[in-house]
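Below: one structure, written as C-alpha coordinates.
The values are calculated or read from the model by the stated rules, or taken from the named source; none is laboratory data. As the structure is a computational prediction, the values presented were derived from the model and not from experiment. Cβ atoms come from the backbone with ideal geometry, glycine included; neighbour counts cover every protein chain shown. Quick note on the areas: whole protein, heavy atoms, side chains included, nothing else; ligands and nucleic acids left out. Shrake-Rupley method; radii C 1.70, N 1.55, O 1.52, S 1.80 Å.
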Amino acid sequence: MDLAGPLARWCDETCGICPAQLLGPGGFDVVARPATELAFNPGLGWRAAPDGTPVCVHPFRVGLPPGAYASAQQPLPNLTHLGLIPPPPVEALELPESLDDLSAWMVAHLRTAGPAQMFSVVARLERVAAERFAPDVVVAVLRRVLSVEMARA
(Lines give C-alpha, C1' and ligand atoms only; values in the text may rest on other atoms or scores of the structure.)
Protein backbone atom coordinates (compact mmCIF):
# COMPACT_ATOMS: atom_id res chain seq x y z
CA MET A 1 0.00 0.00 0.00
CA ASP A 2 2.51 2.61 -1.17
CA LEU A 3 0.77 5.95 -0.67
CA ALA A 4 1.83 7.99 -3.71
CA GLY A 5 5.57 8.10 -3.10
CA PRO A 6 7.82 9.37 -0.35
CA LEU A 7 6.91 12.09 2.08
CA ALA A 8 8.79 15.29 1.30
CA ARG A 9 10.70 15.32 4.59
CA TRP A 10 11.91 11.75 4.05
CA CYS A 11 14.12 12.89 1.19
CA ASP A 12 16.12 15.03 3.64
CA GLU A 13 15.88 12.95 6.80
CA THR A 14 16.54 9.40 5.64
CA CYS A 15 19.70 7.64 4.51
CA GLY A 16 20.50 7.66 0.80
CA ILE A 17 20.01 3.89 0.74
CA CYS A 18 16.63 3.93 2.48
CA PRO A 19 13.57 2.88 0.48
CA ALA A 20 11.78 5.89 2.01
CA GLN A 21 13.76 7.97 -0.50
CA LEU A 22 11.54 6.56 -3.28
CA LEU A 23 8.60 4.73 -1.71
CA GLY A 24 5.68 6.02 0.29
CA PRO A 25 4.25 4.82 3.59
CA GLY A 26 3.36 1.15 3.35
CA GLY A 27 5.84 0.52 0.53
CA PHE A 28 8.52 -0.81 2.89
CA ASP A 29 8.94 -2.52 6.24
CA VAL A 30 10.47 -0.71 9.22
CA VAL A 31 12.79 -2.43 11.71
CA ALA A 32 14.35 -1.14 14.92
CA ARG A 33 17.98 -1.05 13.77
CA PRO A 34 20.45 -2.00 11.03
CA ALA A 35 21.49 -5.62 10.64
CA THR A 36 23.86 -7.35 8.24
CA GLU A 37 21.02 -9.25 6.59
CA LEU A 38 19.35 -5.91 5.78
CA ALA A 39 22.17 -4.52 3.66
CA PHE A 40 21.97 -2.22 0.68
CA ASN A 41 20.90 -4.15 -2.42
CA PRO A 42 22.45 -2.44 -5.48
CA GLY A 43 20.04 -4.23 -7.81
CA LEU A 44 17.07 -2.68 -6.02
CA GLY A 45 18.68 0.63 -5.06
CA TRP A 46 17.83 0.42 -1.35
CA ARG A 47 18.09 -1.74 1.77
CA ALA A 48 16.18 -4.96 1.55
CA ALA A 49 15.41 -8.09 3.52
CA PRO A 50 16.73 -11.37 2.09
CA ASP A 51 13.37 -11.88 0.34
CA GLY A 52 13.72 -8.51 -1.42
CA THR A 53 11.25 -6.58 0.76
CA PRO A 54 12.38 -2.94 1.04
CA VAL A 55 13.38 -2.12 4.63
CA CYS A 56 14.01 1.09 6.57
CA VAL A 57 16.25 0.47 9.57
CA HIS A 58 15.79 3.84 11.29
CA PRO A 59 12.20 4.21 12.54
CA PHE A 60 12.98 7.52 14.22
CA ARG A 61 13.97 9.00 10.85
CA VAL A 62 10.73 8.07 9.05
CA GLY A 63 8.48 8.56 12.07
CA LEU A 64 7.00 5.07 11.81
CA PRO A 65 7.22 2.37 14.46
CA PRO A 66 8.78 -0.94 13.41
CA GLY A 67 6.29 -2.95 11.39
CA ALA A 68 5.84 -5.33 8.45
CA TYR A 69 3.97 -2.75 6.36
CA ALA A 70 5.02 -4.07 2.93
CA SER A 71 5.72 -7.75 3.61
CA ALA A 72 2.64 -8.52 5.72
CA GLN A 73 0.43 -5.52 4.89
CA GLN A 74 0.43 -4.48 8.54
CA PRO A 75 -1.83 -1.44 8.84
CA LEU A 76 -0.04 1.87 9.02
CA PRO A 77 -0.45 3.99 12.14
CA ASN A 78 -2.46 7.16 11.82
CA LEU A 79 -0.52 9.08 9.17
CA THR A 80 -1.39 12.45 10.67
CA HIS A 81 1.26 11.65 13.30
CA LEU A 82 4.06 11.17 10.75
CA GLY A 83 5.18 14.74 11.31
CA LEU A 84 6.00 13.85 14.91
CA ILE A 85 9.46 12.34 15.20
CA PRO A 86 9.66 9.59 17.81
CA PRO A 87 12.78 9.39 19.95
CA PRO A 88 15.49 7.03 18.72
CA PRO A 89 15.50 3.55 20.26
CA VAL A 90 18.42 2.63 22.50
CA GLU A 91 19.82 0.37 19.77
CA ALA A 92 20.27 3.39 17.50
CA LEU A 93 22.83 4.84 19.93
CA GLU A 94 25.34 2.02 19.31
CA LEU A 95 28.19 2.90 16.93
CA PRO A 96 27.43 1.16 13.63
CA GLU A 97 29.75 -1.22 11.83
CA SER A 98 28.89 0.24 8.43
CA LEU A 99 29.60 3.74 7.16
CA ASP A 100 26.12 3.62 5.58
CA ASP A 101 24.64 3.89 9.09
CA LEU A 102 26.95 6.56 10.50
CA SER A 103 24.68 9.53 9.78
CA ALA A 104 21.69 7.85 11.46
CA TRP A 105 23.84 7.10 14.52
CA MET A 106 24.81 10.77 14.71
CA VAL A 107 21.20 11.91 14.27
CA ALA A 108 20.09 9.58 17.06
CA HIS A 109 22.61 11.11 19.47
CA LEU A 110 21.83 14.69 18.47
CA ARG A 111 18.11 14.12 18.94
CA THR A 112 18.62 12.81 22.47
CA ALA A 113 20.91 15.68 23.52
CA GLY A 114 19.65 18.83 25.17
CA PRO A 115 20.80 22.27 23.97
CA ALA A 116 23.34 22.56 26.78
CA GLN A 117 24.92 19.24 25.78
CA MET A 118 25.17 19.87 22.03
CA PHE A 119 28.81 20.97 21.90
CA SER A 120 30.06 18.03 23.95
CA VAL A 121 27.88 15.56 22.02
CA VAL A 122 29.20 16.78 18.66
CA ALA A 123 32.80 16.55 19.91
CA ARG A 124 32.19 13.03 21.25
CA LEU A 125 30.51 11.89 18.01
CA GLU A 126 33.49 13.05 16.00
CA ARG A 127 36.01 11.42 18.35
CA VAL A 128 34.21 8.08 18.72
CA ALA A 129 33.33 7.73 15.03
CA ALA A 130 36.94 8.50 14.03
CA GLU A 131 38.04 5.40 15.96
CA ARG A 132 36.22 3.25 13.38
CA PHE A 133 35.98 5.41 10.25
CA ALA A 134 38.35 7.78 8.42
CA PRO A 135 38.36 11.15 10.21
CA ASP A 136 37.77 13.16 7.02
CA VAL A 137 34.72 11.02 6.21
CA VAL A 138 33.43 11.44 9.76
CA VAL A 139 33.68 15.23 9.49
CA ALA A 140 31.91 15.24 6.11
CA VAL A 141 29.05 13.10 7.46
CA LEU A 142 28.83 15.20 10.62
CA ARG A 143 28.58 18.42 8.58
CA ARG A 144 25.74 17.01 6.48
CA VAL A 145 23.91 15.72 9.55
CA LEU A 146 24.28 19.02 11.38
CA SER A 147 23.00 21.03 8.41
CA VAL A 148 19.84 18.90 8.19
CA GLU A 149 19.29 18.81 11.95
CA MET A 150 19.77 22.58 12.27
CA ALA A 151 17.25 23.17 9.48
CA ARG A 152 14.73 21.02 11.40
CA ALA A 153 15.14 23.00 14.60
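Flag: P50 matches the condition of being in contact with a helix residue (DSSP H, G or I) (Cβ under 9 Å, 6 or more places away or on another chain) and over 22 Å from V145 (Cβ atoms). Can you find even one residue in the stretch 78-93 that is open to solvent by 50 Å² or more (accessible area, probe 1.4 Å) and touching a helix residue (DSSP H, G or I) at 6+ places or on another chain (Cβ under 6 Å)? Within the stretch 78-93, one or more residues are open to solvent by 50 Å² or more (accessible area, probe 1.4 Å) and touching a helix residue (DSSP H, G or I) at 6+ places or on another chain (Cβ under 6 Å).
For the stretch 98-113, the set of residues classified as in contact (Cβ under 8 Å) with a residue 12 or more places away in the chain and more than 14 Å from the chain's Cα centre (by Cα) consists of T112 only.
Note on the stretch 21-65: residues that are surrounded by fewer than 20 Cβ atoms within 10 Å (Cβ to Cβ), part of a strand (DSSP E or B) and free of Cβ contacts under 8 Å to residues at least 40 places away in the same chain total 1.
Checking each residue in the stretch 119-153 for being free of Cβ contacts under 8 Å to residues at least 24 places away in the same chain and among the aliphatic types (A, V, I, L, M) picks out V121, A123, L125, A130, A134, V139, A140, M150, A153. Right, A116: at negative phi, without any contact (Cβ under 8 Å) to a residue 12 or more places away in the chain and open to solvent by 80 Å² or more (accessible area, probe 1.4 Å) or not? So A116 passes the test.
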